[in-house]
Amino acid sequence: MGKPLGIIVAVALAFALAACSDDPAVTGGPTGGSATASTGSTHEAAFPVTVEGTNGDLTIDARPERIVSLSPTATEDLFAIGAGAQVIAVDDQSNYPADAPTTDLSGFEPNVEAIVGYRPDLVVYATEPGDLGSSLEGLGITALQLNAAPDLDTAYDQIDQLGAATGHRDEAAALVERMRSDIQGLVDASDPATGTTFYYELDDTFYSVTSKTFIGKLFGLLGLRNIADAVGRGSGGYPQLSAEYIIESNPDLIFLADTKCCGQSAQTVAERPGWAALAAVSGGGVVPLDDDVAQRWGPRVVDLLRQISAAAAKMENAA
Amino acid sequence: MSRTGRDRRLSARARATALGVVVLIAAVLIALLIGPVRIGAANVFRWLFSFGNAPPGMSEQQALILADLRLPRVIVAGLVGASLAASGAAYQAVFRNPLADPYLLGAAAGAGLGATIAVAYGPSDALDLTVPAAAFVGALIGVGLAYGLGRSSLGGRATTSLVLAGVAVASFLTAVQTFLQQQRSDTLRQVYTWILGRLGTTGWDDVRLALPSVALAIATLWAVRRLLDVIEVGDVEAQSLGLNVTRLRLVVVVAASLATAAAVAVAGLIGFVGLIIPHTVRMMVGGSYRSVLPLSVLFGASFLILVDTVARTVIAPAEIPIGVITAFIGAPFFVVVLRRNRRTA
């Protein structure tokens, strides 16, 4: 009779104690850390620091010296803010800059064992295939997810977060400032009143992007009109267009983001059935892009926008 | 009594054939009339009757869309549908298995593997030749493995053993293909393009690519359609009637695999057609391959032409992958036909 009651009391007590001891740890610990970090953030060497990734807030205790990047965009960001020397390995798709330490690590199908083999103190990745972040955290490795940016502001923020995470806050701020002013310059130079239309090609089966995507928004900044926007909702921003529709739309410009993946060029486009009659094809409006640059949201976005802007200006002068 | 029965069967076959031809003509017309770009029925008919010259009142662009995009696409869809349906019917006859189909037998998976090898490791400037050839070899290997495995190790004629072997072979070949794809990630996108289908980029090149193989394969199957009835009864019976069963089976399998490979090479992997069409035809006219094979060709072509019309119009100006729709329409359709058949039988 007294025994069960005793057990109940003991269990209840244990819960109460656990609740008491847990609460301050959860609310007091990390939040306190983040507060101190943000107050001391003006100083370069301010660690520990709290950064915000797609996977939530992370506290980094010391300046990371063994960074593994599984994201080509993060690799470009890291090298552009002067953190390249701290990067010891990057994934197989990270082909820029040339001195990035490319390995056979995969960002799409990451192998946790292979990553841990580099003894990293920070892993930056873009796609979360399931439990990469939690697996690394479980092994005591800080994992920062920075997934595909939906807009320029997110791209800038990711550079700032990487600056904070690696101890290059000022360089990151300077880079973002430079990107902002370069892009503003291109936007100011553009003439949105011309109504120039374009078709953006992701692959040779006519997958395209709408203005809801990161790349689509870049074109929108310059006032170019996207023929893929005629597609209704539900396409997820990346519709496969009908050849008939592209021909009927007769866009002024055709941007090829499939020069590497699918070997497309102004010549192959002209050889497609029915495409030779397009204004862009006969008027030199087919613009080959670097697939890699077009798929990333790092510092080279400015180069991409410059290329688009130059093509649009050329088309307007010709008209 | 037997004479009137024979007449009735004959006229049923004649009626079904007439229906098949009418449906095919209707499907082609519908497919030409409907598309993401509005051309107008009157314009399409005038264009047809002026044999492809742009009639007055029709823009050059509309004529271009009809001639260079819509018409070749309709033809390719028809060829692919006819190939898949005819090869399905042929596999079902020679393996005496109602579930035999280019997909279940591993022919399509083999063709996909062949196409992958050609894209990833072959010369990049001759894909139009190497891909169909490699797909054909792959399809033959797939069927050969499935048949050999089903007969030798899983106990002969049982319906399930062939299907089980086909599933195992298809999984294995698909695994090899995925591995090769991963090894050559630079050609990944192109491989996907081949596998997922390219009807959206079809032009006259694809017609020229598919037509010879499809014509040869279907003509061969058509020529032996009477013998299919004999072989379906049983090897011993067929042999006692003086038929070289081994040779016939080889000819039929090679022809059906050629048709499958041509279909995969121009349109990617499209499921369900080889199963639904022959079974639907059997429910209409009975089991004789003298009717089943020609009607499968007609209805298979009509089916895929109509499905492709849906694929390019429902969310126009965007497209839906055609394989998604064959499954989406095909599965419920199959159930409906089965139920109706059971009720009337």
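Rule-based calculations on the coordinates, nothing more; no lab input. As the structure is a prediction and not an experimental result, all values here were calculated from the model. Neighbour counts run over all protein chains shown; Cβ positions are idealised from the backbone, glycine included.
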Sites A:Lys314 and B:Asp186, calculated FRET efficiency, Cβ-Cβ separation with R0 25 Å, nearest 0.05: 0.20
With each label point set 7 Å from Cα along the Cα-Cβ vector, what nm distance links B:Ala126 and A:Ala276? 2.6 nm
Taking R0 as 25 Å, what FRET efficiency do you get between A:Asp92 and B:Thr178 from their Cβ-Cβ distance, rounded to the nearest 0.05? 0.90
3J(HN,Hα) from dihedral phi, the range A:139-156, Karplus parametrisation 6.51/-1.76/1.60, rounded to Hz, x for glycine, proline: 8, x, 9, 6, 10, 10, 9, 10, 7, 3, 6, x, 7, 4, 4, 5, 4, 4
Could you go through the range B:289-299 in sequence order and give the Karplus-derived ³J(HN,Hα) for each residue, using 6.51 cos²θ - 1.76 cosθ + 1.60 with θ = phi - 60°, rounded to whole Hz, and x for Gly and Pro? 5, 4, 9, 4, 5, x, 5, 4, 4, 5, 6
Nonlocal amide H pairs with A:Ile254, under 5 Å, H built at 1.01 Å: A:Tyr199, A:Val286, A:Val287
Loop only per DSSP, at most 12 neighbouring Cβ atoms within 10 Å: give me the trypsin sites (Lys or Arg not before Pro) in the range B:35-140, ordered by residue number. B:Arg38
Using the Cα centre as the reference, give the magnitude of the dipole from point charges on the C-beta atoms of the protein assembly as shown (Lys, Arg: +1; Asp, Glu: -1; all else neutral), rounded to the nearest 20 debye. 5120 debye
Which of rounded, prolate, oblate describes the range A:191-319, given a ≥ b ≥ c as roots of the alpha-carbon gyration tensor eigenvalues and a/c under 1.5 marking rounded, otherwise prolate only if a/b is larger than b/c? rounded
If you average the sequence gap of Cα pairs under 8 Å that are 6 or more apart and divide by the length of chain B, what percent do you get for the contact order? 28 percent
When the helices in the protein assembly as shown are scored as -39500 (n - 2.57) per DSSP H run of 4 or longer and the sum is shared across all residues, what 222 nm value do you end up with, to the nearest 500 deg cm²/dmol? -20000 deg cm²/dmol
Kindly write out, for the range A:184-197 in residue order, the coupling ³J(HN,Hα) from the Karplus curve 6.51 cos²θ - 1.76 cosθ + 1.60 (θ = phi - 60°), rounded to whole Hz, with x marking Gly and Pro. 4, x, 5, 5, 5, 6, 7, 10, x, 7, 6, x, 4, 9
Using only C-alpha positions, report the orientation-averaged shadow area of the convex hull of chain B, nm², one decimal. 19.7 nm²
Name the long-range amide H neighbours of B:Gly271: under 5 Å, sequence gap of 5 or more, or other chain; modelled H, no Pro or chain starts. none
Let me make sure I get this right: for the range B:265-323, a, b and c are the square roots of the gyration tensor eigenvalues over alpha carbons, sorted descending. Under 1.5 in a/c it's rounded, otherwise prolate if a/b > b/c, else oblate. Which is it? prolate
Determine by what factor the alpha-carbon radius of gyration of the range A:62-154 differs from 2.2 N^0.38 Å, reporting the quotient. 0.99
For the range A:50-192, what's the relative contact order in percent, using C-alpha pairs closer than 8 Å and at least 6 residues apart? 25 percent
Cα-centre dipole for the range B:240-345 with unit charges at Cβ (Lys and Arg positive, Asp and Glu negative), debye to 20: 520 debye
Extension length gain for B:Gln239 and B:Leu33 (0.36 nm per residue less Cα distance), in nm, is 69.1 nm
Sticking with the crude label model, points 7 Å out along Cα→Cβ, report the distance from B:Val324 to A:Thr154 in nm, one decimal please. 2.2 nm
Under Stokes-Einstein, the range B:299-338 at 10 °C and 1.306 mPa s, with its Kirkwood radius over C-alpha pairs, diffuses with a coefficient in µm²/s of 151 µm²/s
Taking the Cβ of A:Gly82 as the centre, find all other residues whose Cβ is under 10 Å away and add up their charges (Lys, Arg: +1; Asp, Glu: -1). -2
Contour minus end-to-end for A:Arg119 and A:Thr59, with contour as 0.36 nm per residue of separation and end-to-end as the Cα-Cα distance? 19.8 nm
Stokes-Einstein D for the protein assembly as shown (37 °C, 0.692 mPa s, Kirkwood Rh from Cα pairs), in µm²/s, comes to 114 µm²/s
Name the residues whose placed amide hydrogens come within less than 5 Å of the amide hydrogen of B:Gly234, ignoring near sequence neighbours (fewer than 5 apart) on the same chain. none
Which order, highest average first, do A:115-125, B:230-240, B:251-261, B:132-142 follow once you tally other Cβ atoms within 10 Å for each residue and take the mean per peptide? B:251-261, B:132-142, A:115-125, B:230-240
